[in-house]
1. Positive end of the charge dipole of region 182-277 (Lys, Arg +1 and Asp, Glu -1 on Cβ, about the Cα centre): tell me which of P219, L258, Y188 has its Cα farthest that way.
2. Could you give the length gained by full extension between S524 and T571, i.e. 0.36 nm per residue of separation minus their alpha carbon distance, to one decimal place?
3. Quick one: with all protein chains in place, what share of the accessible area of the chain is carbon or sulfur, to the nearest percent (1.4 Å probe)?
4. Under 19 Å from the Cα of K68, which lysines turn up, not counting those fewer than eight places away in the same chain?
5. Tell me which lysines have Cα within less than 18 Å of K625's Cα, excluding those fewer than 8 residues away on the same chain?
6. Of P616, P675, V565, which is farthest along the charge dipole of region 560-693 in the positive direction, counting Lys and Arg as +1 and Asp and Glu as -1 at C-beta?
7. Test of understanding: express the Cα radius of gyration of region 164-226 as a ratio to 2.2 N^0.38 Å, with N the residue count.
8. I want to check the label-to-label distance for T87 and E259. Put each point 7 Å from Cα in the C-beta direction and report it in nm to one decimal.
Amino acid sequence: TINLEKVEKRVRTTCPYCGVGCQIELLVQDGKIVRSNGVEGVLPNDGRLCVKGRFGYEFVHSPERLTKPLIRKNGELVEATWDEALTLIATKFSELKEKYGPDSLAGYASAKCTNEDNYIFQKFIRTVFGTNNIDYCTRLCHASTVTAMLKSIGDGAGSNSIEDFETTDCLIVTGNNIIETHPITATYVKRGAAKGMKIIVIDPKWTPLVAYATIWLQPRLGTDVALLNGMVREIIANNWVDHSFIESRVEGGMQAFLELKELVEKYTPEVTEKITGVPAQKIKDAARIYATAKTAMVATGMGMSQQVTGTHNVFSLLNMILVTGKIGKERCGIDPPRGQNNVQGATDVGCHPAMYPGYIPVSDVENRRKVAQVWGVPFERLSDRPGLTTVEIIQAAYHGKIKGLYIMGENPMISDPNLNHTEEALQKLDFLVVQDIFHTETTRFAHVVLPASSWAEKNGTFVNSDRRVLRVRKAVDCPGDAREDWRIIHELAARMGKPMPNYRNEAEIFDELAMVTPIIAGISHARLEEHGIQWPCPTPEHPGTSTLYTDRFNTPTGKAKLFPVEHVDQTERATPEYPFILNSGRILYHYHTGTMSRRNKTLTNFTNHPYVIIHPNDASKLGVKTGERVRITSSRGTLETQVHIADEVLEGELFMPWHYTEAQVNRLTRDELDPYSRIAPFKISAVKVEVLS
Ligand code: SF4
């Protein structure tokens, strides 16, 4: 209970957890946050919060916060001054650059940091390191979604607004446990369902949304392309196609459509049932419900993207959307709800190995000239070579090609695939700097650890899942000697002989960012005082854009493109040695690598231990009961965990949440990559299960 009379300030800001971007008011007393309330009357949440937004702020004042820089001496991390730590970092990175060249260095940005932090970080990597080796965890979640959407429709962001999830007539939710991972977006879905919206859930695993679904398709893991091709075939066979949309808004018009028609012809309902396990009648029903709805949207998640066929999965989804003309108008489109609070913004501002701020390719000479001028650096300093992606950086470190790595607010020792390999790669680095708010599984390998600020201790902006640029406001001071992320990077740039301008505050950083990022050129901190603005917003008078593609797609021709793709078998399948396929994902009460959520008593009181879900028939064959322990092993690694028996998964399939360091799911996963997006297949690992006595 708090005494409201003693509350010294109320600070409106944005939730630090998922990509919904809920607006919250932090109540501060004696320099500490004592309550978090939802802000009414503003989107996207209009007062609502989920359990993480409401109770998940305790980590800010955890006694485990990093408060001093740490330098490794004789194998131990010991406290140091900022001067010692920054001098050492500047010296080491400069030496490595001199000896091995700029491309021997790399940086991981952070989806938990602000746009201003991330913008300064990518500017540092490009102008001080002199490389495009910059990426972050988006590569591990929606990289394939973004790759497919950029090629097909021209933007990788959601095409609609979160509130449209209530008013569309039909919603497909595929590979996305929306009630647990984006709970406030799901409140719009539930309200829509109450008013008669048709919901189609496509997921190999039961999720709470199934209770609201008109129909649930439960395909075997890794058969999404076949299922969607089957639905497209059914749509074409019944002439539920929007011919005028195809003729006017799809590249190649009817000719392109006929090529798709020819490819999907073999995916009859019976063939599709054989591949996917989904009954033919359900495939027909789902196709009819979606195609004949007046308006329809699709929410696509990790289940689609985290596969070696991730890009093809999303192409097949986009094909279905385009042949039915269900995009480019109000309450019609495709929306990938983003996992972390600023995963959208970090890419928007250029934390991408192949793109500058605003999704402009590094190869674009005119843009590099313009950016060099704004940044006040010689044009020649900006590399035109695309850099390495997240997993490629680790693979290059393993092979001795990356020598120095600067990690800001990421924890690859939980989040990256094939952790045994990641661990070896980090150990091979000549120099690793980790900037974070807590010790993590990754700081164990760092040569220097820098204490950074949490979201409640900084000003700036985030971009949520519907492209809404939202303000972040400082509520409390950093603990001890911890500093704001951008200020650390800014000082390091000066110490490496490449100083940046003297920004007086985050608003000035945003103004520079807007100058090199056309999609947000019309936005400023001042304009965001009352509410967020959705990009594209090209001028100061522009109100922002709630629905994309109403006139044209953002492709060179202005038209969308069909990409007919075939179903192929997954490269990893169940074998007699590894007879189960393991799926992984998130739960409501925890968040990603757990550094924040697992330091909140309210959240850990709900649940705080790893488990594996096993189908009752498999459990009975194994002779195991709920609560007993098993060892799970893949060809990459092994872990032990507790059994939870439920028919939420298909026979032969398993599910584990990946938040827990006590049972690191990514010890089991592969770092084989989707060739187009370079994403790893977190959803499909062949494993065996042994019961522990
Ligand atoms: Fe925060 Fe997401 Fe929950 Fe909203 S839905 S309160 S943004 S975690």
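1. Value computed over the given set: Y188.
2. Working: separation 47, 0.36 × 47 = 16.92 nm, distance 4.71 nm.
Contour length minus Cα-Cα distance gives 12.2 nm.
3. Details: 11760 of 24000 Å².
It is 49 percent, rounded to a whole number.
4. K458
5. Excluding near neighbours in sequence, the set is K688.
6. Of P616, P675, V565, it is P675.
7. On the way: Rg = 11.3 Å, N = 63, 2.2 N^0.38 = 10.6 Å.
So region 164-226 has a normalised radius of gyration of 1.06.
8. Reported label-point gap for T87 and E259 is 6.2 nm.
The values are calculated or read from the model by the stated rules, or taken from the named source; none is laboratory data. Treat the numbers as computed from the prediction; the structure is a model and nothing was measured. Using ideal geometry, Cβ is built from the backbone for each residue, glycine included, and neighbour counts are taken over all protein chains shown. Side chains included, ligands, DNA and RNA excluded: accessible areas come from the protein's heavy atoms. Shrake-Rupley method; radii C 1.70, N 1.55, O 1.52, S 1.80 Å.
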